[in-house]
Amino acid sequence: MKIITLTALALLLTAPAAQASEPGLPPLTDPPSNKVLAGKFVWADLVTDDVESVKTFYTTLFDLGWQEIRPAPQAYGLFISDGRPVAGLAYHEAPDEQTPYGRWIHYMSVDDVARAEKLMTDAGGRTVLSRRSFDQRGEFAIVMGPDQALVGLMRSSSGDPDDYRSSHGEWLWRELYSADPAASAALYEGICQCEVFEREDSAGHYIIASQDYLRASINSLAGTEDGVASWLGYVQVTDIPATLQRVEELGGSIVFAPSPEVLDGRLAVIKDPSGAYLGLVTWDYPDDNMEASQ
């Protein structure tokens, strides 16, 4: 993917509203929480050249609501779950007109966006969207790591959403697929100033934890479909087989089918109609504090 395309995309996501009466981005928390849960992923944006098809796909698949923020041609809107925004959807022209285009960008909460951005660039990454601030949303930037994986960095002006147990159609987990998991683990430990440790039962597989919650994981990209480093988001679903059937009915495809060897068949990876990857998982929460949470 060309960096000039990603830069243009970032500018599109934060372009000023075309009309003064147009609503702006809502705060992440309302009423404000005033909490900074560094290391937690607090937002995601999906960018695509086919907003209408992708909007229909996700609202139908996960029974989500929709709120338009900016109309076409620079379309931007929000997916709504249980009355709260959970992700954004933005139009961007496809680099290749013959191939559908879509990509998720996941945003991690950090104490200091400028510091986190500098750590990423000092490590050999680059800035895709330089720091900027919006009154209701806060300060954020989009960076590309030395492994070429995109990630957003955010300090919310209203505070981060409280931790909760995800329901059907809500974010549950994020995983970074990296060519060098150990180097990525060390980098993100500094960026989020949180605990990053290697799993005892899986060498080379790292866990990011903060505030007594497991937040995300880092794994090798060896064996992935396209071999491109990236963050993958997982959504909680109540029924994997039924959800996968709907995925195909709605124009998506199955990239990784459930396998008994992986989480007892309770995990799958799909592509939506735009080609954006998304993980699906059915997760039973344990009765302890150190759990996966959103």
Who wins for biggest fluctuation among Val42, Val262, Val235 in a Gaussian network model of the chain, springs between alpha carbons below 10 Å? Val262
With +1 assigned to the C-beta of every Lys and Arg and -1 to the C-beta of every Asp and Glu, and no other charges, what is the dipole magnitude of region 176-237 about the Cα centre in debye, to the nearest 20? 140
Given a 1.4 Å probe, the accessible area of the chain per residue, as a whole number of Å², is 45
Which whole-number percent gives the relative contact order of the chain, counting Cα pairs below 8 Å spaced six or more residues apart? 19
For Asp122, solvent-accessible area (1.4 Å; no DNA, RNA or ligand), Å²: 100
Once amide hydrogens are built 1.01 Å from N within the peptide plane, the residues lying 5 or more places from Trp283 or on another chain with amide H under 5 Å from its amide H are Val237
At a probe radius of 1.4 Å, what is the per-residue accessible area of Trp283, in Å² to the nearest 10? 80
With unit charges on the beta carbon (Lys/Arg positive, Asp/Glu negative), name the residue among Tyr58, Pro73, Val42 whose Cα is farthest towards the positive pole of the charge dipole of region 40-79. Val42
For the pairs Lys35/Lys271; Lys40/Lys271; Lys35/Lys118, flag any whose C-alpha to C-alpha distance is greater than 29 Å. Lys35/Lys271
Suppose R0 equals 25 Å. What FRET efficiency, 1/(1 + (r/R0)^6) with r the Cβ-Cβ distance, do Thr99 and Thr59 give to the nearest 0.05? 0.55
Indicate the gyration tensor shape class of the chain (rounded, prolate or oblate), computed on the Cα atoms with a ≥ b ≥ c the square roots of the eigenvalues: a/c under 1.5 is rounded; otherwise a/b larger than b/c is prolate and the rest oblate. rounded
Roughly what would the spin-label model give for Arg266 and Lys118, points 7 Å off Cα along C-beta, in nm? 4.3
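Please report the antiparallel percentage of DSSP beta bridges with both residues in the chain, rounded to the nearest 5.
Looking only at bridges with both residues in the chain, the antiparallel portion is about 75 percent.
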Quick check: residue separation of Asp163 and Gln148 times 0.36 nm, minus the Cα distance between them. What number comes out in nm? 2.5 nm
Computed over region 99-195: relative contact order in percent, which uses C-alpha pairs under 8 Å that are six or more apart: 29
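The values are calculated or read from the model by the stated rules, or taken from the named source; none is laboratory data. Treat the numbers as computed from the prediction; the structure is a model and nothing was measured. Please note: Cβ atoms are built from the backbone with ideal geometry, for glycine as well, and neighbour counts cover all protein chains shown. Side chains included, ligands, DNA and RNA excluded: accessible areas come from the protein's heavy atoms. Shrake-Rupley method; radii C 1.70, N 1.55, O 1.52, S 1.80 Å.
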